[in-house]
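Undergrad: Dumping the structure here so I can ask a few things about it.
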Amino acid sequence: MTIATLKYQSQSVSKPYFIAAMALFAGQILFGIGLGLQYVIGDLFFPYIPFNIARMVHTNLLIVWLLFGFMGAAYYMVPEESETELYSPFLARLLFWVFLVAGSLTILGYLTVPYAKLAELTGNDLLQTMGREFLEQPLPTKVGIVIVMLGFLFNVTMTVLKGRKTSISVVLLMGLWGLALFFLFSFVNPENLVRDKMYWWFVVHLWVEGVWELILGALLAYVLIKVTGVDREVIDKWLYVIIAFALMTGILGTGHHFFFIGLPGYWQWIGSIFSAMEPIPFFMMTVFAFNMVQRRRRDHPNQAAVLWALGTAVMGFLGAGLWGFAHTLSPVNYYTHGSQVTAAHGHLAFYGAYVLVVITLISYAMPTLRGRIANSQKAQAYEMWSFWIMTIGMSIMVLALTGAGILQVWLQRMPTEGAMGFMATQDQLALFYWVRVAGGVIFLLGQFTYFASFFVGGKHVLTDKAVTSSGGGMLGARPAQRA
């Protein structure tokens, strides 16, 4: 069936990626609530789902569903940016099933086989790569991720090379290639603990505070062009400046993880200074998003996507910017590193910077994949409610974790004499942990509200007679026709 709202039919391969991403997102949140309950009910689900396994599933689902979201976004954006069909839609569909099956089997392995036995069964003795936080995947899974990403990058790179080159597609490719290349450090597991942690941060930090920010900038710029009609040249200038600051502060800011693991002392200064500058690109992104919406040359019918885009900029600045800055300086980080303050920063940063930008792209793209420019006003109202409910739920979680972290530092880490032990301290944080669970439940309700928006009826916007600019923006010459 021809989908009139898609300029290139191969864009439709992104739909299963988006669906899988949101389904895995729901799984991640459910395991997160379970983990929150295990903080206060220690033997909950034991021995069937012990805490370490639940946490592993929670964090791995986060990575996998975001990768599905990034891949779907690229498959949707690149044909339109390149003004040509995707190089191989068949390869995109094949890799989707390979990635989904491999990821599902890995999660099932975590849940059904003891981790040590899983390592033995999957050849960890050949190349020891398991056991590190976020990188717990068995060797076959890691190899599978590399194969899938190489096939994916081949597909989108060939599409860009045979078509138009834009700033958005080039920045997106830089981010995606960087993502794949830095993941290769997950195969490096030296016996020296300092080197091990250094290479580990090459994956974790240079993903979320480096190359993923390029992907974030490209996705946000693409959606803003589409929903505001602002000239591409204006958005390109903002994008260049933002990614320059993101790379400079992100790469050198890696040093704020090197303070206390045995690397040379100059990293204390480099890490402190440049990681303290990391809020700058996120602040610029906030100004950029609101400035583009204020200067819009059309009112796009998909106002829900506009809200998600603005939410990305604001919450990304708060989570990755302010909450990161709050404990990035070495005299503060000495006490807070690995505490619940870190957990607060991590939750809000991932939500603001990456969860919201993936949902922004899905919110913009899914109506077109379903044959319409925008969902009905009623469906968009559900989406907007879901944004606010999820954001309120996340805010409650983050404030609870921040309070828990401050009390944890005060009781356990700051006293020079008579400091409270770890488990005794955890008992004092129970109230904060219960509040965190309540925030998680609210967040889950917001996510279900988002899912409900896909099934809400009403008069959808099926066509848009707005004039398309040469830069790819859509200019508001005439209003959209409503069905």
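The values are calculated or read from the model by the stated rules, or taken from the named source; none is laboratory data. Here the structure is a predicted model, which is why all the values come from computation and not from measurement. Backbone-built Cβ (ideal geometry, glycine too); neighbour counts: all protein chains shown. All accessible areas refer to the heavy atoms of the entire protein, side chains included, with ligands and DNA or RNA removed. Shrake-Rupley method; radii C 1.70, N 1.55, O 1.52, S 1.80 Å.
Undergrad: Find the residue count for the stretch 296-313, including only residues that are open to solvent by less than 10 Å² (accessible area, probe 1.4 Å), modelled with pLDDT of 90 or more and assigned to a loop (DSSP other than H, G, I, E, B). It would help to see each step written out before you state the result.
TA: Residues of the stretch 296-313 open to solvent by less than 10 Å² (accessible area, probe 1.4 Å): 300, 302, 304-305, 308-309, 311-313.
Now restrict to residues that are modelled with pLDDT of 90 or more: 302, 304-305, 308-309, 311-313.
From what's left, assigned to a loop (DSSP other than H, G, I, E, B): 302.
Of the residues in that region, 1 qualify.
Undergrad: Within the stretch 236-263, which residues are part of a loop (DSSP other than H, G, I, E, B) and open to solvent by 60 Å² or more (accessible area, probe 1.4 Å)? Walk me through how you get there before you give the answer.
TA: Taking the stretch 236-263 first, the residues part of a loop (DSSP other than H, G, I, E, B) are 258-263.
Result: PHE260, GLY262.
Undergrad: Where residues in the stretch 157-170 are more than 12 Å from MET77 (Cα to Cα) and in a helix (DSSP H, G or I), which of them is farthest from the chain's Cα centre (by Cα)?
TA: The extreme case among them is LYS162.
Undergrad: Would you pick out the residues in the stretch 412-440 that are hydrophobic (A, V, I, L, M, F, W, C), closer than 18 Å to GLY338 by Cβ and open to solvent by less than 40 Å² (accessible area, probe 1.4 Å)?
TA: As a first pass, look at the stretch 412-440 and keep what is hydrophobic (A, V, I, L, M, F, W, C): 414, 419-420, 422-424, 429-432, 434-435, 437-438.
Now drop any that are not closer than 18 Å to GLY338 by Cβ, which leaves 414, 419-420, 422-424, 429, 432.
If the condition is that a residue be hydrophobic (A, V, I, L, M, F, W, C), closer than 18 Å to GLY338 by Cβ and open to solvent by less than 40 Å² (accessible area, probe 1.4 Å), then LEU429 is the only one that fits.
Undergrad: Restricting to the stretch 12-63, count the residues that are among the hydrophobic types (A, V, I, L, M, F, W, C), under 21 Å from PHE90 (Cα atoms) and touching a residue at least 40 places away in the same chain (Cβ under 8 Å). Let's see the steps before the verdict.
TA: As a first pass, look at the stretch 12-63 and keep what is among the hydrophobic types (A, V, I, L, M, F, W, C): 13, 18-26, 29-31, 33, 35, 37, 40-41, 44-46, 49, 51, 53-54, 56-57, 61-63.
Restricting the remaining residues to those that are under 21 Å from PHE90 (Cα atoms) gives 13, 18-21.
Pick out the ones that are also touching a residue at least 40 places away in the same chain (Cβ under 8 Å) and you get 13, 18, 20-21.
Total satisfying the criteria: 4.
Undergrad: Could you give me the residue pairs with C-beta distances under 7 Å whose first residue belongs to the stretch 87-107 and is more than 22 Å from GLN9 (Cα to Cα), whose second residue is open to solvent by less than 30 Å² (accessible area, probe 1.4 Å) and assigned to a loop (DSSP other than H, G, I, E, B) wherever it lies, and which are 6+ apart or on separate chains?
TA: Once the first residue is more than 22 Å from GLN9 (Cα to Cα) and sits in the stretch 87-107, its partners that are open to solvent by less than 30 Å² (accessible area, probe 1.4 Å) and assigned to a loop (DSSP other than H, G, I, E, B) give THR106/GLN137; THR106/PRO138.
Undergrad: So, one more: Out of PHE290, PHE283, I need the residue that is in a helix (DSSP H, G or I), open to solvent by 30 Å² or more (accessible area, probe 1.4 Å) and closer than 30 Å to LYS459 by Cβ. Which one?
TA: Values: PHE283 fails: closer than 30 Å to LYS459 by Cβ.
Within the list PHE290, PHE283, the selection yields PHE290.
Undergrad: Could we say that ARG232 is of a type in the set (Lys, Arg), in contact with a Ser or Thr (Cβ under 7 Å, 6 or more places away or on another chain) and closer than 25 Å to PRO367 by Cβ here? Before you say what the answer is, go through the steps one by one.
TA: On the way: of a type in the set (Lys, Arg): yes; in contact with a Ser or Thr (Cβ under 7 Å, 6 or more places away or on another chain): no; closer than 25 Å to PRO367 by Cβ: yes.
Taking the combined requirement at face value, the residue does not satisfy it.
Undergrad: Then there's this: Of these, ALA379, ALA365, which one is small (Gly, Ala, Ser), in contact with a His (Cβ under 9 Å, 6 or more places away or on another chain) and open to solvent by less than 10 Å² (accessible area, probe 1.4 Å)?
TA: On the way: ALA365 fails: in contact with a His (Cβ under 9 Å, 6 or more places away or on another chain).
Checking each option against the conditions leaves just ALA379.
Undergrad: Here's another thing I want to ask about it. Please verify whether PHE182 is in contact with a helix residue (DSSP H, G or I) (Cβ under 7 Å, 6 or more places away or on another chain) and farther than 30 Å from GLU233 by Cα, treating the condition exactly as stated. Spell out how you get there, then give the answer.
TA: Details: in contact with a helix residue (DSSP H, G or I) (Cβ under 7 Å, 6 or more places away or on another chain): yes; farther than 30 Å from GLU233 by Cα: yes.
Considered against the rule, which asks whether it is in contact with a helix residue (DSSP H, G or I) (Cβ under 7 Å, 6 or more places away or on another chain) and farther than 30 Å from GLU233 by Cα, PHE182 comes out as yes.
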